[in-house]
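Laboratory data are not the source of any read-out in this text; all were calculated from the coordinates shown. As the structure is a prediction and not an experimental result, all values here were calculated from the model. Cβ: placed from backbone, ideal geometry, glycine included. Neighbour counts: every protein chain shown.
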Amino acid sequence: MAKLVCSKCGKELDTVPQHCGRDMIYNEETHSYECYMGSECGYIDLDEFKCEDCCKDV
Ligand SMILES: [Zn+2]
Ligand SMILES: [Zn+2]
């Protein structure tokens with residue numbers, strides 16, 4: 001399981017991201033987390049992931 005690392009501040013998160021109230025699934029091929037409903041519902045690109053603190057700045 002890949003770790004979530006903020007692309008902005010470099011902070012590591014130990015928790016698995018959630019979507020639709022369930023843990024998201026790591027997709028090794030696309031290097032991203034996908035919703036268990038499928039990537040069309042929601043996904044997080046690990047290369048562009050930002051932690052909550054960095055998201056607040058936007
Ligand atoms: Zn951050
Ligand atoms: Zn979802």
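Please list, by residue number, every one of the GluC sites (Glu not before Pro) in the chain that is coil in DSSP and has at most 16 other beta-carbon atoms within 10 Å. Passing both the DSSP loop test and the Cβ count: GLU28, GLU29, GLU40. Evaluated on the chain, the Kirkwood hydrodynamic radius is 11.7 Å, with distances taken between all distinct Cα atoms.
When Lys and Arg each count +1 and Asp and Glu each count -1, what net charge do the other residues less than 10 Å away from LYS11, Cβ to Cβ, add up to?
-1
A simple spin-label model places pseudo-atoms 7 Å from Cα toward Cβ; at ASP47 and LYS3 they are separated by 2.1 nm.
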